[in-house]
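The values are calculated or read from the model by the stated rules, or taken from the named source; none is laboratory data. The shown structure was predicted, so the numbers you read here are calculated from the model rather than taken from an experiment. Note: ideal-geometry Cβ built from the backbone for every residue, glycine included; neighbour counts use all protein chains shown. Surface areas here come from the heavy atoms of the whole protein model, side chains and all, with no ligands, DNA or RNA. Shrake-Rupley method; radii C 1.70, N 1.55, O 1.52, S 1.80 Å.
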Amino acid sequence: MSNISALEADIAARRTRLARTLNELTAKATPSAIAKRQVDQAKARFADATTTPEGDLRVERVAAAVAVVAVIVAIKLLRRRRR
């Protein structure tokens with residue numbers, strides 16, 4: 001009889017762990033959680049690209065990004081004028 005009780009307890013414990021795992025997976029799969037992870041990753045990549053490991057600003061990279069944006073805006077403005 002004790003083997004049956006032990007098996008029932010084991011099944012109950014496994015069921016509880018499975019339910020907890022499913023709840024965690026469900027929470028991670030919500031669109032808002034996915035979007036938050038993507039935003040956090042983008043912020044981390046931006047910080048890595050624009051700062052040194054010591055936390056100093058990488059001026060040359062920021063300047064290059066600003067220059068690229070300025071060129072894109074200038075091209076768009078020129079195209080609008082031609083039309």
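Annotations for the structure displayed:
- For region 24-83, taking the residues that are assigned to a helix (DSSP H, G or I) and among the polar types (S, T, N, Q), the one that is modelled with the lowest pLDDT is identified as T50.
- When region 27-57 is filtered for residues that are over 15 Å from the mean Cα position of the chain (by Cα) and open to solvent by 100 Å² or more (accessible area, probe 1.4 Å), the ones remaining, listed by number, are P53, E54, L57.
- In region 24-51, the residues that are under 30 Å from V62 (Cα atoms) reach residues that are aliphatic (A, V, I, L, M) with C-beta atoms within less than 7 angstrom, at least six apart or across chains, in these pairs: A33/A27; T50/L57; T50/V62; T51/L57.
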